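J.: Got a structure for you, questions after.
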Amino acid sequence: MAKILSVGIATLDIINEVETYPLENQEIRALNQVKCRGGNAANTAVVLSQLGHHCSWAGTLADETDTQTILDDFNALKVNTDFCEILPEGKIPTSYITLNKSNGTRTIIHYRNLPEYSFTSFRKIKLSAFDWIHFEGRNVSETVQMMQYSKKFYSEIPISLEVEKPRKNIEQLLAIADYIIFSKPYALSQGYVSAQELLISMKKQFPYKTLVCAWGEKGALACKNNQILSQNAFIPDTVVDTLGAGDVFNAGIIHQLLAHADISAALLFACRLAGKKCAAKGLENLTIN
Ligand code: ADP
Ligand code: FRU
């Protein structure tokens, strides 16, 4: 099993489950409320940990009471937090999530005022201890330095990058990563109408990289060696909770690539794992035989 460093955010997720999604200015009652740890890089790390890897998460936390919820969860799921920065000011980034019981959609309002993880902190990590580094495509000015440093001094360690949202100068990160996982919102924001269209364009720019694009309940596509492959989603009988499906999908791809599986097997596994996630709440018990 591999040693994986996942760099990005951890959040406090306040999830209100509702019978159906409300109308604007309506007042409704939640069926129940859960407060738990979330965040893309953090979610991917806890799933990889459950798949048997030794995972560390690097990011910022605030010196406030909600931080304990995050640390307890990492601890329970055996994710190392030695490299996190606990900042004296700010609040844990918080997502207010409406989970629609009737179809499993999750609508997220995210608030953050916490500074992002710094290259200064990243540089203190002994990267030689890791077999893989996964970055969230955010905090571009610092992340680009982290990625350049990793490539310059530890070129043998593969780097994966999640590109979920359009961010200024994010193309600087694309150029460095070995494996790039794009999202549907990112593709749409760039004017592409399908994963296929995004990959056709990206493969011209990055012909030697492995490129993946997830497309919600349609599944996902990937491109390697100039070949584009697709995989349907595994839709469960009842879609209970899609929160974090993309983060689970990313963990599935990384897990397979670490095992030197080919990209079609990686897509298949990641879609199965993400489909299993959608059948139940939370990110636990996510294994596939
Ligand atoms: P997110 O919105 O969390 O970023 P995506 O919508 O990109 O997630 O989906 C990632 C993967 O999760 C998809 O490729 C698919 O395999 C799976 N997935 C997403 N939504 C569903 C769904 N409703 N049913 C089954 N699988 C799903
Ligand atoms: C799910 C998630 C949530 C978090 C939000 C941050 O993908 O990581 O857990 O609140 O996205 O954007």
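J.: Across the range 177-195, what is the number of residues that are under 18 Å from the mean Cα position of the chain (by Cα), assigned to a loop (DSSP other than H, G, I, E, B) and not charged (D, E, K, R)?
T.: Total meeting the criteria: 2.
J.: While we're looking at this one, here's another question. Restricting to the range 212-228, count the residues that are under 17 Å from residue 193 (Cβ atoms) and touching a Cys at 6+ places or on another chain (Cβ under 8 Å).
T.: Looking only at that region, the number is 3.
J.: Give the range 189-208 a look and list any residue that's under 24 Å from residue 158 (Cα atoms) and surrounded by 19 or more Cβ atoms within 10 Å (Cβ to Cβ), or say none.
T.: So the first thing to find is which residues in the range 189-208 are under 24 Å from residue 158 (Cα atoms), and the list is 195, 198-208.
If the condition is that a residue be under 24 Å from residue 158 (Cα atoms) and surrounded by 19 or more Cβ atoms within 10 Å (Cβ to Cβ), then 195, 198, 199, 202 are the ones that fit.
J.: Still on this structure, please answer the following. Determine whether residue 217 is open to solvent by 30 Å² or more (accessible area, probe 1.4 Å), among the acidic types (Asp, Glu) and under 26 Å from residue 171 (Cβ atoms).
T.: No: the conditions fail for residue 217.
J.: Could you list, in sequence order, all residues of the range 2-21 that are surrounded by 14 or more Cβ atoms within 10 Å (Cβ to Cβ), more than 16 Å from ligand 2 (Cβ to nearest atom) and not hydroxyl-bearing (Ser, Thr, Tyr)?
T.: Scanning the range 2-21 gives 2, 3, 4, 5, 18.
J.: If you go through the range 28-67 one residue at a time, how many are within 18 Å of residue 94 (Cα to Cα), within 12 Å of ligand 2 (Cβ to nearest atom) and not charged (D, E, K, R)?
T.: Result for the range 28-67: 10.
J.: Give me a count of the residues in the range 89-106 that are farther than 10 Å from residue 11 by Cα and outside any loop (DSSP other than H, G, I, E, B).
T.: 6
J.: Name the pairs whose Cβ atoms lie under 9 Å apart, with the first residue in the range 245-263 and under 19 Å from residue 235 (Cβ atoms), the second near ligand 2 (Cβ under 10 Å from one of its atoms) and at pLDDT below 95, and 6 or more positions between them or separate chains?
T.: Pairs that qualify, where the first residue is under 19 Å from residue 235 (Cβ atoms) and the partner is near ligand 2 (Cβ under 10 Å from one of its atoms) and at pLDDT below 95: there are none.
J.: Looking only at the range 243-251, decide whether some residue is among the acidic types (Asp, Glu) and either in contact with a strand residue (DSSP E or B) (Cβ under 6 Å, 6 or more places away or on another chain) or within 9 Å of ligand 1 (Cβ to nearest atom) (or both).
T.: Yes; the residues of the range 243-251 include at least one that is among the acidic types (Asp, Glu) and either in contact with a strand residue (DSSP E or B) (Cβ under 6 Å, 6 or more places away or on another chain) or within 9 Å of ligand 1 (Cβ to nearest atom) (or both).
J.: If you don't mind, another one. Filter the range 88-117 down to the residues that are farther than 26 Å from residue 276 by Cα and buried (at least 17 other Cβ atoms within 10 Å of the Cβ) and list them by number.
T.: Pass one, the range 88-117, residues farther than 26 Å from residue 276 by Cα: 88-93, 111-117.
Passing the criteria: 92, 93, 114, 116, 117.
The values are calculated or read from the model by the stated rules, or taken from the named source; none is laboratory data. Computed from a prediction, not measured in an experiment: that's the story for all the values here. Cβ coordinates were reconstructed from backbone atoms using ideal geometry, including for glycine residues, and neighbour counts include every protein chain displayed. Calculation scope for accessible area: heavy atoms of the full protein, side chains included, ligands and nucleic acids excluded. Shrake-Rupley method; radii C 1.70, N 1.55, O 1.52, S 1.80 Å.
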